[in-house]
There are 2 protein chains.
Amino acid sequence: MPHAQLQPVLDHIDADFDNSLARLFALLRIKSISADPAFAADCKAAADHLAQDIATFGFAAEVRPTAGHPAIVAKSSGNGKARPHVLFYGHYDVQPVDPLNLWDRPPFEPVVTDHADGRKIIVARGAEDDKGQLMTFVEACRAWKSVTGALPLDITILIEGEEEVGSKNFVPFLETNKDELKADFAMVCDTSMWDADTPAITTSLRGLVYDEVKIKAANRDLHSGMFGGGAQNPIRVLTRILGGLFDDNGHITIPGFYDGVKDLPPDVLAQWKQLDLTPDSFLKPIGLSIPAGEKDRLLIEQLSSRPTCDVNGIVGGYIGEGSKTVIPAEASAKISFRLVEGQDPAKIRKAFRDYVTARVPADCKVEFGDHSLAPAIALDWNMKPLAAARQALTDEWGKETLLIGSGASIPIVADFKKTLGLDSLLVGFGLDDDNIHSPNEKYDLKSFHKGIRSWARILASLAELPR
Amino acid sequence: MPHAQLQPVLDHIDADFDNSLARLFALLRIKSISADPAFAADCKAAADHLAQDIATFGFAAEVRPTAGHPAIVAKSSGNGKARPHVLFYGHYDVQPVDPLNLWDRPPFEPVVTDHADGRKIIVARGAEDDKGQLMTFVEACRAWKSVTGALPLDITILIEGEEEVGSKNFVPFLETNKDELKADFAMVCDTSMWDADTPAITTSLRGLVYDEVKIKAANRDLHSGMFGGGAQNPIRVLTRILGGLFDDNGHITIPGFYDGVKDLPPDVLAQWKQLDLTPDSFLKPIGLSIPAGEKDRLLIEQLSSRPTCDVNGIVGGYIGEGSKTVIPAEASAKISFRLVEGQDPAKIRKAFRDYVTARVPADCKVEFGDHSLAPAIALDWNMKPLAAARQALTDEWGKETLLIGSGASIPIVADFKKTLGLDSLLVGFGLDDDNIHSPNEKYDLKSFHKGIRSWARILASLAELPR
């Protein structure tokens, strides 16, 4: 009976924790930045490293090519009996590290250090997203195998290398290999806790439309003294378009953008109000005080249940030291939309592109690039594994596990449903202050340690589910 | 009598032209980019090189330190008689070269090549602005000295190294050395012809206010999935501010911006209309067709007599390959205004900064940087040297010399008036398609050759002016 074996597994996790940390560090040292082609070999190295490691505790682990960075498929050997089979998902790729000068130390030289408030933290790019998170599961499996000689249920570990760039090549990979990837349900470790003491399972996710817009004006850079006033400036065109995306009340002005967006059910809204997420608690730690979203919505709605728009990058003209009196030939921006249930990503993209195109002067050109097109996901709150996992998390953390909506997108969850027919259980140990996608990314040492213990408990609980 | 000696001087210029070109190339090879501190030694090298060269034909030439890049002061020896004394001004510093990938060849490896339409052109950063231009004057002096053993009038050559970054340290240098820099008037070679066949003297110049604006929001980069919708995005703030700088008719919306701006006198407007500067002739060569300025103004007014605003650079967030779902901590832009007579640069700067500050959310910060604050200049159309120079140019080019207004700023002209009490004569041989401040900067070989001959003629004419 798995639960009888749990305590020795947890004890082993505690005793072996220094080695778990060393294994995480080895993975963190690999510069697997998927967005930049210069790091393609590093991505391959990360995949090879992980597959070799997972094979050491009895998985048949393979690095599989895709049209982009490779994926890992690792299957545990069954015990010959019919028992639950889960598909675990994580990603070994990480975000770019710029601006590098804002890191306190090199992003690929992980350390354990002290947070200002005394917490022990692991600092490195990927410390949380998603290397630290995926290693909580890998280490839990290793502990089960080490202590009991077997895993309590059948497991397929699936790790991709293009999550941070939209999984464009991974989704076709799922389709091609769908027979091999059959399971009862999926588990994803890429989400957050409610706070440092309160575990959470994420039950809804925002979708993501991410476009790149380039405005082209003159056929070359111009001198603003000679051409200024007469020649169109693409930065002027671009800022005018982007500057009009919000009205004075924080609503997004693209026609049809809110079509299909539903208000929260009154009971959920009432529950969220009780969570008391305030500007003081949420914005003050990041140096802000005024919620930036729709003025007629609660902060927690702005962050969780309402669609958003952000310009994630903009560049044009002279950006070096000093000054240059140039009118550039082009300017570009990266713009993303977080979508909620009821919004169609393809319609949002079209509405945005129509909005932009209508505002480009007749003698300028606009080009669009495509980085993501993923719908929002509402998970089944009644799926059987959810109750089991929730109890296991509550047992580990000693606090009731919350069921939360996340503003972030994990588009792969929709693809698991569509391609493999699988529901997903989203459990993670990230915190709001982990600086993911930012300089000085960190993962609490406690998240890593208790995250491993949490998965060990969840595996035991799931093993006892009826098939 | 200088005019009797002119023909042998012109003949010598023709015979020695290959050597003139070689000397220009030697100067063009020096990477004297003043905006970037990494090139400080190159700026010093350019100053040393020029001073040594000018000393070879009888000038007492010195490299003088300033608080920034050094200046050159070179004085010819008089002939003991009271005769006209001119102060010639040029600058050895050049603009940065980015985006480097748009250059057809390395910017500091000058070549003579064929323009698409068959013109011979010199291609390099600084080929026109201002190394090619200043060398037309240097070579004319060299030819006079070489042929006649003397210069026809007294000359001080003054060359600075910070024109492209606002001459911040050069103006105090003028003040400190004003007694030594006394002359009858100044001559500046940093302007353009009307077209490739028609010489011009510039008699009005737009001023320049150039500011940098940085918007700061959160205290670190944020993940847009976690914070999007609730946390303010500085790119949103910046684009909203910049996007509102123009109304639908192309007018600048900053309160008070047009205060003091006068309409053109009817006779000048009538003359300008006859010049027939059309979108087809002016914008089509740069790939545009619609004048971008105030809709109720002629294109030539938009370019010459109306104040303008351009965003010369903007940057924020992730600008690398691919995508990153970041809300950056800050975003910044470089913004310049071309001013006309009647506008007070300090008032314009204040009005702009007030406009920006009023639009920054209460929990964000704004910082301003200062690159230029120069008024517009209207020159004295009746100054005596102007008529003499105009005739000399007409003799050389075989076409009537036009008196034109320039949209560009040459702020030093105001400083010569204010600090040294000197009027300036603005003669140059640039063309609209020289790509100054852009990739593939060029100078027509004809501009360089006939520019040298033009100065030789002007020196002869000016020598005969009554004192």
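The values are calculated or read from the model by the stated rules, or taken from the named source; none is laboratory data. None of the values given here were measured: they were computed from a predicted structure. Note that we place each Cβ from the backbone using ideal geometry, even for glycine, and neighbour counts take in every protein chain shown.
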- Per the list (1) more than 21 Å from the chain's Cα centre (by Cα); (2) in the same structural domain as B:Ala186 (by TED's automatic domain parsing), residue check on B:Gly316 breaks on (2)
- Answer yes or no: is there a residue in segment B:373-387 that is more than 14 Å from chain A (Cβ to nearest Cβ) and either at pLDDT 95 or above or within 30 Å of A:Arg338 (Cα to Cα) (or both). no
- Message: Take the residues in segment B:335-352 that are surrounded by fewer than 16 Cβ atoms within 10 Å (Cβ to Cβ) and of a type in the set (Lys, Arg); name whichever of them is farthest from B:Gln302 (Cα to Cα).
- Response: B:Lys350
- Could you grab me the full set of residues in segment A:311-339 that are touching a residue at least 24 places away in the same chain (Cβ under 8 Å), at the interface with chain B (Cβ under 7 Å from one of its Cβ atoms) and farther than 30 Å from A:Glu294 by Cα? A:Gly317, A:Thr325, A:Val326, A:Ile327
- Message: Please verify whether B:Val209 is closer than 30 Å to B:Ala329 by Cβ, buried (at least 24 other Cβ atoms within 10 Å of the Cβ) and hydrophobic (A, V, I, L, M, F, W, C), treating the condition exactly as stated.
- Response: yes
- Kindly list the number of the only condition in (1) more than 12 Å from every other protein chain (Cβ to nearest Cβ); (2) more than 22 Å from A:Ala376 (Cβ to Cβ) that fails for A:Trp194. (2)
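Residue-by-condition table, conditions (1) in contact with a Lys or Arg (Cβ under 6 Å, 6 or more places away or on another chain); (2) touching a residue at least 40 places away in the same chain (Cβ under 8 Å); (3) assigned by TED's automatic domain parsing to the domain that holds A:Thr239; (4) of a type in the set (Phe, Trp, Tyr):
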| position | (1), (2), (3), (4) |
| --- | --- |
| A:Val147 | no, yes, no, no |
| A:Ile159 | no, yes, no, no |
| A:Glu162 | no, yes, no, no |
| A:Val165 | no, yes, no, no |
| A:Phe170 | no, yes, no, yes |
| A:Phe173 | no, yes, no, yes |
| A:Val188 | no, yes, no, no |
| A:Asp211 | no, yes, yes, no |
- If we scan segment A:218-232, do we find a residue that is surrounded by 13 or more Cβ atoms within 10 Å (Cβ to Cβ), in contact with a Leu (Cβ under 9 Å, 6 or more places away or on another chain), closer than 25 Å to B:Lys365 by Cβ and free of Cβ contacts under 8 Å to residues at least 12 places away in the same chain? no
- Confirm whether B:Leu426 is within 14 Å of chain A (Cβ to nearest Cβ), within 18 Å of B:Ala186 (Cα to Cα) and at pLDDT 90 or above. yes
- Message: Test of understanding: among B:Phe59, B:Phe25, B:Phe17, which residue is away from chain A (no Cβ under 14 Å) and touching a Pro at 6+ places or on another chain (Cβ under 7 Å)?
- Response: B:Phe25
- Heads up, the helices (runs of 4 or more DSSP H) in segment A:1-116 (entirely inside) with at least 3 residues that are among the hydrophobic types (A, V, I, L, M, F, W, C) and surrounded by fewer than 18 Cβ atoms within 10 Å (Cβ to Cβ) are A:17-28, A:40-55
- Task: Considering each of B:Pro199, B:Pro265 in turn, give the residue that is crowded, with 24+ Cβ neighbours inside 10 Å, away from chain A (no Cβ under 13 Å) and not small (Gly, Ala, Ser).
- Result: B:Pro199
- Message: Residues that are within 7 Å of chain B (Cβ to nearest Cβ) and polar (S, T, N, Q): does segment A:286-307 have at least one?
- Response: yes
- Message: Looking at (1) free of Cβ contacts under 8 Å to residues at least 24 places away in the same chain; (2) within 13 Å of chain B (Cβ to nearest Cβ), which one does A:Asp93 not meet, given that it meets all the others?
- Response: (1)
- Query: Within segment B:300-320, is even one residue more than 25 Å from B:Gln232 (Cβ to Cβ), outside any loop (DSSP other than H, G, I, E, B) and charged (D, E, K, R)?
  - Reply: yes
- From the set of residues in segment B:234-251 that are in contact with a Phe, Trp or Tyr (Cβ under 9 Å, 6 or more places away or on another chain) and touching a residue at least 60 places away in the same chain (Cβ under 8 Å), which is nearest to the other protein chains (Cβ to nearest Cβ)? B:Arg240
- Message: Tell me the residue from A:Glu139, A:Glu160 that is buried (at least 24 other Cβ atoms within 10 Å of the Cβ) and either hydrophobic (A, V, I, L, M, F, W, C) or over 24 Å from B:His223 (Cα atoms) (or both), please.
- Response: A:Glu139
- Message: So B:Arg236 passes all but one of these: (1) basic (Lys, Arg); (2) crowded, with 23+ Cβ neighbours inside 10 Å; (3) under 21 Å from the mean Cα position of the chain (by Cα). Which condition number does it fail?
- Response: (3)
